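The values are calculated or read from the model by the stated rules, or taken from the named source; none is laboratory data. Keep in mind that this is a model prediction, so the values were computed, not measured. Every residue, glycine among them, receives a Cβ derived from its backbone with ideal geometry; neighbour counts consider all protein chains shown.
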Amino acid sequence: MPIRELDDEAVRKIAAGEVVERPASAVKELVENSLDADASRIDVAVEAGGTDGIRVADDGVGMTRDEVRLAVCEHTTSKIGGADDLDAIATLGFRGEALYAISAVSRTTVTTRPRGGDSGTELVVEFGDVVEVAPAGRPEGTTVEVTDLFGQTPARRKFLKTEATEFDHVNRVVSRYALAEPDVAVSLSHDGREVFATTGQGDLEGVILSVYGREVAESMIPVDGEGVSGYVSHPETTRSTREYLATYVNARSVTSAPLREAVLDAYGTQLAPDRYPFATVFVEVPADAVDVNVHPRKHEVRFDDEAAVRSRVERAVEDALFDHGLLRKGAPRGKSAPAEAEVRPERAEQTAIDDVATSEASTGEHAASVDGGSVPSESAGAGGGSPANDRSSVHGSATPRAGSAEPADRQSWPAPRGVEAQTTLDAEPAVTTPTFDRLPRLRVLGQLHDTYVVAETDDGMVLIDQHAADERVNYERLRAAFDDDPGSQALAEPVVVELTARESELFGAHAEALDSLGFRAERAGDRSVEVRAVPAVFSAALPPDLLRDVLTEVVREREVESVADRADALLADLSCYPSITGNTSLTEGSINDLLSALDDCANPYACPHGRPTIVEVDGDELAARFERDYPGHAGRRLD
Ligand code: ADP
Ligand code: MG
């Protein structure tokens, strides 16, 4: 095809598709519009995760016939007058593109009546064309109904995930706004069932109860600092996902890595590895000290003084935990202690993940899943031969958040034994590790930061991430055992596990998958399940509340569809736990043992979460780094 300019319609449809990515993004825009319209109640109802229908009804200011006609046009807004107003935005919307974009990719019906007005209007838009504007009866307020989303953009439609996953995104969006606006009665229903409903009576605690359930609500601690308020959970009430860390800036729900980091940092070591608290934290900053105009879809913000905001949040949460006796006295507080001032590389990685994720239930959180909750820690770290059910040993080998490098508190390997422990790099190889089938021939040179094995290869040099390698080995052993016999072990006493609204919804959608993994669980109430049997891998029975993490696992962004995939994701998460893998020898064994076990793996090159186990720096790259072919040497070789 020759290069040509796209016509206006094509350009607009492409742009609209970028604003509305999935049902949840439409829901988000519609709920924001209702809030901006001063609604005191908002009812959200979706069908089939929003793929079949979305309806958002409010009792807000409504629109006149002329206003609603304008509202669905491109770049029409009643919220800002011009570019100057962008510096101090007080409303949630301001781009004037949402209604236009939604109605460009669906059949959209807006029924509205202005406050104090005596008539209502119904306006129907089909894929960008206004097909009807007619008088209609309706109380004051607005209802927007969206059907046939992406009906004319099959590529978009195909990109949608399962109904359960799409609903999960909707649920997150609506929950966030319900938590942000306790004064507004927000309800959410799915396929005619009510998922949650808040009263609009202004108490955040009540909203937390509605959305997260009793167990979580009871564990919440009020935060009340300088321009920072909200609730955070007791360090033992956690989940395997950052999903429940909700942060708000000037009442706007935001995805802010620095704010989440601040909350997590406040907990310090009180949080078990890979566990995340519930938090609903509101931060106030002057409107002109924050830019909310960063990205139309992702709720990102940019602060003029990020460090100051961050430390305000950290201090407020710390104080709250401290006041409740949940932070140890004498533990270093704030950033004053030098030991705390280290640069933590895994945080940087998380930030990046936050930034790219369009959803927070996304990648980057697949590491450990076993509930770190109420486990006594005395025997943590106890070495070999831990009894199968001794969950405390689960936490013995600390795994870093998001499974990335964290030299300080990750499992520390003993120094290489005997001849392998070469300290001088110029010595002749005292021992060459056995020849491998899959791995290249290696000569181990030593260890770096107790984290990486450094080895020479014929081509150059390799670094092996011990933890990632260990996970890969454990994972493949678990996998083999599980394929052999996906066992289930009955609990002596059934255990009741309380669920959040989200988890409860997921339980409904994924009960079969749980069953096939070995969980025997039944609903015991609206928001709780009774677990009678748990998966048994090797000799270890898994803790019943792992069920929650499994539910979360099934709706991660890299969505796993088949039961086999679900089992796989679970096993990948469990592979960091020696007590479950029954594998203590590796963590205590020699580097050679690890390398030959890794070599035996079907895929030795990546940990089960996809991170590399081995990084190679070949001779050419080394030569290039040292500029050995620098023209100044006039072609002379240096060696
Ligand atoms: P924005 O929210 O950025 O202004 P939208 O396309 O979302 O852009 O909405 C366009 C306009 O339509 C809004 O500025 C507002 O005047 C009006 N509007 C949209 N939804 C509602 C609603 N639920 N109640 C009242 N007015 C609404
Ligand atoms: Mg809007």
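I'd like to check something: does the stretch 65-73 contain any residue that is more than 34 Å from the chain's Cα centre (by Cα) and more than 12 Å from ligand 1 (Cβ to nearest atom)? Checking the stretch 65-73: at least one residue is more than 34 Å from the chain's Cα centre (by Cα) and more than 12 Å from ligand 1 (Cβ to nearest atom).
Within the stretch 61-76, restricting attention to residues that are touching a strand residue (DSSP E or B) at 6+ places or on another chain (Cβ under 6 Å) and outside any helix (DSSP H, G or I), the residue that is farthest from ligand 2 (Cβ to nearest atom) is GLY62.
Whenever a residue of the stretch 67-92 is among the β-branched types (Val, Ile, Thr), its partners that are modelled with pLDDT under 70 and assigned to a helix (DSSP H, G or I), lying with C-beta atoms within less than 9 angstrom and at least six residues away or across chains, give the pairs ILE80/LEU86. Would you check if there is a residue in the stretch 126-133 being in contact with a Leu (Cβ under 7 Å, 6 or more places away or on another chain), under 30 Å from ALA279 (Cα atoms) and in a strand (DSSP E or B)? No, the conditions are met nowhere in the stretch 126-133. Does GLU18 satisfy the criteria of being within 15 Å of ligand 1 (Cβ to nearest atom) and touching a residue at least 12 places away in the same chain (Cβ under 8 Å)? When the stated conditions are applied, GLU18 passes them.
Of the strands (runs of 3 or more DSSP E) lying entirely inside the stretch 451-512, the ones with 3 or more residues being touching a Leu at 6+ places or on another chain (Cβ under 8 Å) are found at 452-456, 460-465. Just name the residue that is farthest from ligand 2 (Cβ to nearest atom) out of those in the stretch 1-60 that are polar (S, T, N, Q) and not in a helix (DSSP H, G or I). Filtering first and then ranking leaves THR51.
Taking the stretch 219-266 as the region of interest, the strands (runs of 3 or more DSSP E) fully inside it that hold 3 or more residues being at pLDDT 90 or above, surrounded by fewer than 22 Cβ atoms within 10 Å (Cβ to Cβ) and not aliphatic (A, V, I, L, M) are 220-225. I'm trying to understand the selection: among the residues of the stretch 137-162, which are crowded, with 18+ Cβ neighbours inside 10 Å and not in a loop (DSSP other than H, G, I, E, B)? Result: GLY141, THR142, THR143, VAL144, GLU145, VAL146. Against the list (1) touching a helix residue (DSSP H, G or I) at 6+ places or on another chain (Cβ under 8 Å); (2) modelled with pLDDT under 95; (3) within 11 Å of ligand 1 (Cβ to nearest atom), the condition ASP87 fails is (3). Any residue at all in the stretch 46-54 that's within 7 Å of ligand 1 (Cβ to nearest atom), closer than 20 Å to ALA197 by Cβ and either touching a residue at least 12 places away in the same chain (Cβ under 8 Å) or among the basic types (Lys, Arg) (or both)? There is no residue in the stretch 46-54 that is within 7 Å of ligand 1 (Cβ to nearest atom), closer than 20 Å to ALA197 by Cβ and either touching a residue at least 12 places away in the same chain (Cβ under 8 Å) or among the basic types (Lys, Arg) (or both). In the stretch 91-114, the qualifying residues are those that are under 13 Å from GLU67 (Cα atoms) and part of a loop (DSSP other than H, G, I, E, B), and the one that is nearest to ligand 1 (Cβ to nearest atom) is GLY96.
For the stretch 74-84, taking the residues that are at pLDDT 70 or above and more than 6 Å from ligand 1 (Cβ to nearest atom), the one that is surrounded by the most Cβ atoms within 10 Å (Cβ to Cβ) is identified as GLU74.
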